[in-house]
Amino acid sequence: MNNVHVHSLRKHEILRKKLLISLLFRSGKSVKGDFLKIVSASLQCEKNAVQAFPVILFAVSKKTIPSAVQRNRAKRMMREAYRLEKTLVERKVENPQEGAADELLCIAFLYTSRKKSFPDLEAFRVEIRGLMQNMRLS
């Protein structure tokens with residue numbers, strides 16, 4: 001029962017702290033794709049919060065998708081696509097630079113498309129894979 005699946009997305013991997021979210025958007029570097037934008041930053045964290053996995057935020061604005069049902073669907077699709085592609089980020093985090101051992105990688109996935117048609121899961125996976133490969137860790 002203690003075995004964690006490789007593609008799982010655990011509760012402690014979700015970014016919820018307001019201070020870290022504001023620091024992420026203030027000092028993060030962004031990469032924009034066709035319908036997603038990734039904002040990432042390595043932030044100083046508390047000593048007891050050091051973990052091997054990056055913390056993730058998924059956001060869809062009400063202006064982009066007015067319907068709450070469709071916004072929730074977009075976030076579910078982003079979560080699932082990230083969950084399946086997160087091994088790319090884990091490989092980047094495994095080899096930290098000097099002095100980066102006490103830093104926490106924070107990533108925000110923002111849905112930016114205003115098209116009426118909604119991308120499928122495979123399109124989300126391809127977009128996330130491409131954006132994470134282009135992401136620079138500072």
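Contact list please: Cβ distance under 7 Å, first residue in the range 28-40 and over 17 Å from R79 (Cα atoms), second residue in a strand (DSSP E or B) and among the hydrophobic types (A, V, I, L, M, F, W, C), pairs at least six apart or on different chains.
Once the first residue is over 17 Å from R79 (Cα atoms) and sits in the range 28-40, its partners that are in a strand (DSSP E or B) and among the hydrophobic types (A, V, I, L, M, F, W, C) give G28/V39; G28/A41; K29/A41; S30/I38; S30/V39; V31/I38.
Of the numbered conditions (1) under 16 Å from the mean Cα position of the chain (by Cα); (2) modelled with pLDDT under 85; (3) over 23 Å from R129 (Cα atoms); (4) of a type outside the set (F, W, Y), V50 satisfies every one except a single condition; which is it?
(1)
Report yes if some residue within the range 89-111 is modelled with pLDDT of 80 or more and not in a strand (DSSP E or B); otherwise report no.
No, that holds for no residue.
The values are calculated or read from the model by the stated rules, or taken from the named source; none is laboratory data. The structure presented is a predicted model; accordingly, all values stated were derived computationally and were not measured. Neighbour counts are summed over all protein chains in view; Cβ atoms, including those assigned to glycine, are modelled from backbone coordinates with ideal geometry.
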